[in-house]
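The values are calculated or read from the model by the stated rules, or taken from the named source; none is laboratory data. Everything quoted here is computed from the prediction, not taken from an experiment. So basically every Cβ, Gly included, is an ideal-geometry build from the backbone, and we count neighbours across all protein chains shown.
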Amino acid sequence: MAKKLKKQYKFGLVGRNIDYSFSKNYFTEKFTLFHFDNCEYLNFDISKMENLKEIICNTKGLKGLNVTIPYKEEVIPFLDKLSKNAAKIGAVNTIKVSKNGKLKGYNTDYFGFKKVLKPLLKEHHKKALILGTGGASKAVAYALQKLKIEYDFVSREPNEYQLSYKELNAEIFKEYHVIINTTPLGTFPNIEESPALDYSLFTKKHIAFDLVYNPEETTFLRLAAANKAVIKNGYEMLVFQAEKAWLIWNK
């Protein structure tokens, strides 16, 4: 009697210029380690969100996708349904593909960020500055809400509800003790870049959290650490959000 072949499943990452990405390496290693020889993880590097339809139609056995820069917000109109958290956040980084090709969007970024930040928090960590206003910043804001931490956004082109980088003076740093970089500044290969801050304002009371994970210590983190700040990069956050995505795809 012929041996029954295992059904082949595919997963992948949707983004732009994603050769560097964490996800493909992470899941490929996971599939090897656990002998998931019927699973494959692919990079879908697309120039526009409209290409998503082709991916869904042409990828046999597709069960789930991750979404990265610059499409976490742009992807929403292309989905059939959103989880409650993704709807509240207004950004999606995980898509579950149903058997009939329907797409449901989730956000696991907020889960990963919250899980990593929480153990670092002390009594005086009551206010946070979120550097950047993209899709990742929305997930961070949602996690901070859940942790009962007040926050403000910092933008290069602020609206009336946001701070500009020029406003980040000593008084602000005395009030806000959690500083989170959600911009791509400092990502390999442009490792000398960093948000335009006065890094001498960091103290041992501050947490500097960078969602960038490549390099392991960004210029933002290095300069904050030089002034005794507690530092954390985005690697563990990515691991937690990836494992949460895996559970969503397979439940």
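State yes or no: is Ser47 of a type in the set (Gly, Ala, Ser), surrounded by 17 or more Cβ atoms within 10 Å (Cβ to Cβ) and touching a residue at least 24 places away in the same chain (Cβ under 8 Å)? Against the criterion (of a type in the set (Gly, Ala, Ser), surrounded by 17 or more Cβ atoms within 10 Å (Cβ to Cβ) and touching a residue at least 24 places away in the same chain (Cβ under 8 Å)), Ser47 does not qualify. Of the residues making up segment 217-232, those that are part of a helix (DSSP H, G or I) and surrounded by fewer than 18 Cβ atoms within 10 Å (Cβ to Cβ) are Arg222, Ala225. Here is the figure for segment 1-31: residues that are over 19 Å from Ser98 (Cβ atoms) and either more than 24 Å from the chain's Cα centre (by Cα) or of a type in the set (Phe, Trp, Tyr) (or both) total 11. Any residue at all in segment 137-154 that is free of Cβ contacts under 8 Å to residues at least 40 places away in the same chain, part of a loop (DSSP other than H, G, I, E, B) and loosely packed, with under 14 Cβ neighbours inside 10 Å? Checked against the condition, which is being free of Cβ contacts under 8 Å to residues at least 40 places away in the same chain, part of a loop (DSSP other than H, G, I, E, B) and loosely packed, with under 14 Cβ neighbours inside 10 Å, segment 137-154 yields at least one hit.
Restricting segment 192-216 to residues that are under 25 Å from Tyr110 (Cα atoms) and among the β-branched types (Val, Ile, Thr) leaves a set whose member that is surrounded by the fewest Cβ atoms within 10 Å (Cβ to Cβ) is Ile207. Can you name the residue in segment 162-201 that is in a helix (DSSP H, G or I) and of a type in the set (Phe, Trp, Tyr) and, of all such residues, is nearest to the chain's Cα centre (by Cα)? The selected residue is Tyr165. Only a single item in (1) surrounded by 14 or more Cβ atoms within 10 Å (Cβ to Cβ); (2) within 26 Å of Asn85 (Cβ to Cβ); (3) modelled with pLDDT under 95 is not met by Gly186, and it is number (2). Under 8 Å between Cβ atoms, at least 6 apart or on separate chains: pull out the pairs that start in segment 56-85 with a residue that is surrounded by 14 or more Cβ atoms within 10 Å (Cβ to Cβ) and end on any residue that is part of a strand (DSSP E or B) and among the charged types (D, E, K, R). Close Cβ pairs (under 8 Å, with a partner that is part of a strand (DSSP E or B) and among the charged types (D, E, K, R)) amount to Thr59/Lys10; Leu62/Lys10; Lys63/Lys10; Lys63/Lys96; Gly64/Lys96; Leu79/Lys104; Leu82/Lys104; Ser83/Lys104. Can you pull out the residues in segment 233-251 that are crowded, with 19+ Cβ neighbours inside 10 Å, under 18 Å from Pro119 (Cβ atoms) and more than 10 Å from the chain's Cα centre (by Cα)? Answer for segment 233-251, where residues must be crowded, with 19+ Cβ neighbours inside 10 Å, under 18 Å from Pro119 (Cβ atoms) and more than 10 Å from the chain's Cα centre (by Cα): Asn233, Lys244. Condition first: on the phi > 0 side of the Ramachandran plot and at pLDDT below 95. Can you find one or more residues in segment 44-60 that meet it? Within segment 44-60, not a single residue is on the phi > 0 side of the Ramachandran plot and at pLDDT below 95. Within segment 25-41, the set of residues being β-branched (Val, Ile, Thr) and within 17 Å of Leu62 (Cβ to Cβ) comprises Thr28 only.
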